[in-house]
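A short worksheet on the structure shown next.
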Amino acid sequence: MAEPNEVLKTLTGLGHVSAEGCIPVRVRYRVLLERRGDELVAHGTLRGRHAGLRPIWLEPDAQLRLRSGRRLAIAVTDLVGDEAEFESTGPVGELA
């Protein structure tokens with residue numbers, strides 16, 4: 001049985017992050033899959049060009065396309081230089 005707030009898996013690789021009205025940005029991602037109560041959530045970091053990430057950070061909904069081709073609905077929550085933090089905003093069960 002999984003412990004609360006237990007990291008189940010870490011995914012890393014190259015992908016793309018995009019948001020409506022924004023040019024997609026190539027990023028290096030680190031995604032942590034974590035169980036919080038009965039829910040599976042994802043959060044992590046993105047590294048890419050600040051100029052490309054900034055417009056996406058200003059949008060409430062974004063999408064991260066992983067190296068595998070799978071997509072994850074995210075919200076970029078912080079941006080400092082070329083590194084952004086994000087949290088999932090949709091189901092992540094298919095990534096586990």
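Remarks
- Within the range 42-66, tally of residues that are under 14 Å from L14 (Cα atoms), of a type in the set (G, A, S) and in a strand (DSSP E or B): 1
- Exactly one residue among G21, G69 is without any contact (Cβ under 8 Å) to a residue 24 or more places away in the chain, loosely packed, with under 12 Cβ neighbours inside 10 Å and part of a loop (DSSP other than H, G, I, E, B), and that residue is G69.
- Given (1) more than 16 Å from S88 (Cα to Cα); (2) free of Cβ contacts under 8 Å to residues at least 24 places away in the same chain; (3) not acidic (D, E), number of the condition P55 does not satisfy: (2)
- Residues within the range 24-59 that are closer than 12 Å to F86 by Cβ and open to solvent by 80 Å² or more (accessible area, probe 1.4 Å), tallied: 3
- Number of positions in the range 82-92 that are assigned to a loop (DSSP other than H, G, I, E, B) and open to solvent by 40 Å² or more (accessible area, probe 1.4 Å): 3
The values are calculated or read from the model by the stated rules, or taken from the named source; none is laboratory data. In this text the structure is predicted, and so the values were computed from the model without any measurement. Cβ coordinates were reconstructed from backbone atoms using ideal geometry, including for glycine residues, and neighbour counts include every protein chain displayed. Side chains are part of the model used for accessible areas, which takes the heavy atoms of the whole protein and leaves out ligands, DNA and RNA. Shrake-Rupley method; radii C 1.70, N 1.55, O 1.52, S 1.80 Å.
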